[in-house]
Structure formats: C-alpha cells, structure tokens
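Please read the structure below before turning to the comments.
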Amino acid sequence: MKNQFAKTTLSLGVLAGLTGVTPVTAQQSSVADENVEVIEVTSFRSSLIRAKDLKKDAIISRDTILAEDIADFPDLNLADSLQRVPGITITREGGEGRQISLRGLGPDFTRVQVNGMEAMGTSSSPMDARGGVSRTRGFDFNVFASEMFNRIDISKTYSADQEEGGIGGTVGLFTAKPFDYDGFKSALSVRGGYNTNSEETNPRMAGLISNVWNKFGALVSVAYSERETAEYGSNTTRWRREGGKTAADPADTDLQAELDSGELWFPRGHRFSR
C-alpha cells in the first residue's frame, strides 16, 4: 500500500506540473502559427485527381480535363487537349489541331457546347484542295485559346438531362467563373515561338483577373495569339466537268466513253502552292 500510494502521489504531481505549463505552450504555439508564411504549391497532380473523381461520380461514360492552375489549361490548343482522351483523334491545320473525331465518327456528329449553350465555330483553310472554308457542322477548336477555359467534359453516352445530342457524343467547354476562386486572383502568361520555315516570331499572351465581393463576383480574361506558318501543298483551283473531248489514244474506248458521258471531272489548274 505504501508503494502504491507513493506512485499515485508522484503521478499527480507530474500532471499538475504539466497542467501549469500547457497554457503557456499553447499561447506560444498560436503566436508562432500567426507568424508562419504559408506557401501553397499546386501541380497537375491535383487536377488529375479531381478529373478522376468527376469521372467516377458521373452516371454516364464521361471524361473530364481540368486546368492545371489558373489560366493554365493543358496544351495551347483545345483540340490538342482533347487528343488526350481515349477515343478522340484530331485533324491538324498548319501544325495546330482543328477538328476532332469522337468514337470513330467525324466532326459533324459531335455536339459542342460553351457553358451549356450550343456553339458553332468555323474557320478557313489556306489550302483550297483541303476544304477551304468549313461549310459543315464540324466545330473548329482552333478558334479559342485554351487559357480561357478551365474544364472540358466529353460525354460519350446520353443522359436524361440532354434535350438532344450528337451521335458521336457531346463536348462541353466551360470557362472560369469568379466564384471558382477565393478572393482576388490574377494570372498572366506571355510566350513566344519562332518558326524556321516562315522565319517569323509568333507572340502569345493570356491574362485573367477575378475578384469576389460578398455575393457579387467579376472575372475578365483576355487572350491574344498570332501564328505565321509556311505550308506546302497542292492547289486544284476548282474542278470542272469535261465533255465532248477526244481521247489521246483512240484505242482507249473506256476513256472515250467517259468523255462522251460528261461525267468526267478534271482539276482546272493543278499546281503546287505555298
């Protein structure tokens, strides 16, 4: 009993001593925390985790691409970014992605929305033999700078909330909103590239400013880019139907029959172009 009493008394004494020291230690710790400078490091790993969670929570087959940071979307072109998703291939124009093919179907079968609204974006091609101005429903993704978007959803199947959809699927483009960030945020990126073929310097600039005041927020983003490329190809200068002509080889009856039918087409001026 004496030994047990002695141990209990010693334990109470130690606890009493610790109790007296604890408030001072906690106060010093809080002061130290206030003086610590917090440095937050972000990377594309967090965007990949969020994209994986969004794909897991979706009730349909959907892939998502998120911006790695403020005004920092993967790749400089939206088509190049979409090429990361399985089932999507792209066509290029001057080395830059232009249109996409989703699930083996061409760009005409893909529905594109910008912030939930139907969108159509078309551009022209400098090569006449490759289509010239787009006259289809295909969306040209080279009309937008990737820095203006922070999320892309690629829906490969349908859901009840869709009024209609493309046979290939639906691509949803989402721009940044003020309440996506806490308080005042700004970002600026300036880039430049040199093209050895055109011997020109291509500037690229993108900026974003966002702020929130209680329940009101505002966001402004601006992007500017200029590309000068040198591309070599062939130009047909329109096609024309030939008829009433005589074949060079009189023995070639098949060619003469096609010429007589008037269903044979020739390029009006086939030449190389730059």
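Bear in mind that the values in this text are calculations on the coordinates, not laboratory data. Just so it is clear, the model here is predicted, and its values are computed rather than measured. Counting neighbours? That spans all protein chains shown, and the Cβs are built from the backbone with ideal geometry, glycine included.
Please list 3J(HN,Hα) in residue order for the stretch 203-215, calculated via the Karplus relation 6.51 cos²θ - 1.76 cosθ + 1.60 where θ = phi - 60°; whole Hz, with x for glycine and proline.
Once θ is set to phi - 60°, the couplings for the stretch 203-215 become x, 8, 9, 8, x, 9, 10, 9, 8, 10, 10, 6, 9 Hz.
List the residues whose amide H sits under 5 Å from the amide H of GLY169, counting only those 5 or more places along or on another chain, with H placed 1.01 Å from N in the peptide plane.
ARG111
How far is it, in nm, from the label point at GLU199 to the one at THR253 when both lie 7 Å from their Cα along the line to the Cβ?
5.9
With N set to the number of residues, divide the alpha-carbon radius of gyration of the stretch 216-255 by 2.2 N^0.38 Å and report two decimals. All intermediate terms of the calculation are to be shown ahead of the outcome.
On the way: Rg = 26.8 Å, N = 40, 2.2 N^0.38 = 8.9 Å.
Normalised Cα radius of gyration, the stretch 216-255: 3.00.
How high is the FRET efficiency between THR175 and SER273 when r is their beta carbon distance and R₀ equals 45 Å, given to the nearest 0.05?
On the way: r = 37 Å, r/R0 = 0.83.
Result of the calculation: an efficiency of 0.75.
What is the pair-distance distribution P(r) of the stretch 41-115, computed from all Cα-Cα distances in 5 Å bins starting at 0, with each bin given as a whole percent?
3, 14, 20, 25, 20, 12, 4, 1, 0
Which of the peptides 215-223, 248-256, 199-207 is most tightly packed, and how do the rest follow, going by the mean number of other Cβ atoms within 10 Å of each residue? Don't jump to the answer; show the numbers that get you there.
Values: 215-223: 12.9, 248-256: 10.1, 199-207: 14.7.
The densest-packed peptide leads the list: 199-207, 215-223, 248-256.
Taking the alpha-carbon set of the stretch 145-189, what are its Rg and Dmax in Å?
That works out to 14.6, 41 Å for Rg and Dmax.
Work out from phi, with θ = phi - 60° and the Karplus expression 6.51 cos²θ - 1.76 cosθ + 1.60, the ³J(HN,Hα) of each residue of the stretch 257-264, listed in order in whole Hz, and give x for Gly and Pro.
Ordered by residue, 3J(HN,Hα) equals 5, 5, 5, 5, 6, x, 10, 9 Hz.
Give me the compactness ratio for the stretch 161-254, meaning the Cα radius of gyration over 2.2 N^0.38 Å. The partial results should precede the final answer.
Details: Rg = 27.1 Å, N = 94, 2.2 N^0.38 = 12.4 Å.
So the Cα radius of gyration is 2.19 times the expected 2.2 N^0.38 Å.
For the cross-link pairs LYS185/LYS215; LYS55/LYS185; LYS56/LYS185; LYS55/LYS215; LYS56/LYS215, which exceed 26 Å when the distance is taken from alpha carbon to alpha carbon?
Values: LYS185/LYS215 16 Å; LYS55/LYS185 28 Å; LYS56/LYS185 30 Å; LYS55/LYS215 30 Å; LYS56/LYS215 31 Å.
Exceeds cut-off: LYS55/LYS185; LYS56/LYS185; LYS55/LYS215; LYS56/LYS215.
Ranked from highest to lowest mean number of other Cβ atoms within 10 Å per residue, what is the order of the peptides 240-247, 93-100, 162-169, 183-190? Spell out each step's value before the answer.
Values: 240-247: 11.0, 93-100: 19.8, 162-169: 15.2, 183-190: 12.8.
Packing proxy ranking, top to bottom: 93-100, 162-169, 183-190, 240-247.
Can you list residues from other chains, or at least 5 along the same chain, whose modelled amide H is less than 5 Å from the amide H of ILE90?
SER101
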